[in-house]
Amino acid sequence: MGKYVSIRGWIECEDGDLLKIKEVYDYFLDNYSENEISSEKRKLYQTGWGFPSNVVNWTAYVFYGADIREYHTDFIKAQLTAIAKINQDITGFFLIDDHDGENKFCWQLLNGSLIETEQGIVIFNG
């Protein structure tokens, strides 16, 4: 059957980065083919994204939250890696854990990279 993991978090960016982030979203929805993830699963997992309809003042926040198959976490991780490369100023923070409590880690977008750490070690906005 396979394990599920919860992925939830947010990206902080400028209003001008939203279109580029949506382009990454669209690319992965239509083109991602690693680990034999089906088109139906890609569509399902992409519904976890939440984009703002309006940006309040100067920071835009993009959210993601979903429970997905553990062997498909690379689908979201690859998107976040691509998003981090858009602009060095994009930051993000995502918690990932499985329902058994065996795996608890964090993905952080910082300085154009995705950094993976244990949940207890946070470098956010370092």
Practice task
Tell me which residues, restricted to segment 67-115, are β-branched (Val, Ile, Thr) and not in a helix (DSSP H, G or I).
Solution key: Ile68, Ile86, Ile90, Thr91, Ile96, Ile115
Problem - All positions within segment 79-106 that are under 22 Å from Lys43 (Cβ atoms) and either touching a strand residue (DSSP E or B) at 6+ places or on another chain (Cβ under 7 Å) or at pLDDT below 95 (or both) - result: Leu80, Thr81, Ile83, Phe94, Ile96
Exercise for the section: Kindly indicate the residue of segment 10-39 that is assigned to a helix (DSSP H, G or I), of a type in the set (S, T, N, Q) and more than 23 Å from Leu95 (Cα to Cα) and also most open to solvent (accessible area, probe 1.4 Å) among those meeting that condition. Expected result: Asn31
Exercise for the section: Looking only at segment 51-63, decide whether some residue is part of a helix (DSSP H, G or I) and surrounded by 14 or more Cβ atoms within 10 Å (Cβ to Cβ). Expected result: no
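Report whether or not Phe93 is hydrophobic (A, V, I, L, M, F, W, C), in contact with a helix residue (DSSP H, G or I) (Cβ under 8 Å, 6 or more places away or on another chain), farther than 14 Å from Val5 by Cβ and touching a residue at least 24 places away in the same chain (Cβ under 8 Å).
Considered against the rule, which asks whether it is hydrophobic (A, V, I, L, M, F, W, C), in contact with a helix residue (DSSP H, G or I) (Cβ under 8 Å, 6 or more places away or on another chain), farther than 14 Å from Val5 by Cβ and touching a residue at least 24 places away in the same chain (Cβ under 8 Å), Phe93 comes out as no.
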Exercise for the section: Output yes when any residue across segment 9-28 is of a type in the set (A, V, I, L, M, F, W, C), more than 16 Å from Leu109 (Cβ to Cβ) and at pLDDT 95 or above, and no when none is. Expected result: yes
Handout entry: Output for segment 100-121, where each listed residue is touching a residue at least 60 places away in the same chain (Cβ under 8 Å), open to solvent by less than 90 Å² (accessible area, probe 1.4 Å) and under 13 Å from Val5 (Cβ atoms)
Key = Asn103, Trp107
Fill in the blank from the handout: Being of a type in the set (D, E, K, R), in contact with a strand residue (DSSP E or B) (Cβ under 9 Å, 6 or more places away or on another chain), surrounded by 15 or more Cβ atoms within 10 Å (Cβ to Cβ) and at pLDDT 90 or above narrows Arg69, Arg42 down to just Arg69
Fill in the blank from the handout: Subset of segment 82-99, residues open to solvent by 40 Å² or more (accessible area, probe 1.4 Å) and either among the charged types (D, E, K, R) or within 18 Å of Tyr32 (Cβ to Cβ) (or both), comes to Lys85, Ile86, Asp89
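The values are calculated or read from the model by the stated rules, or taken from the named source; none is laboratory data. What you see is a predicted model, and the numbers here were worked out from it, not measured in a lab. In this analysis, Cβ positions are derived from the backbone assuming ideal geometry, glycine residues included, and neighbour counts consider all displayed protein chains. Note: accessible area is taken over every heavy atom of the protein model, side chains too, but ligands, DNA and RNA are not part of it. Shrake-Rupley method; radii C 1.70, N 1.55, O 1.52, S 1.80 Å.
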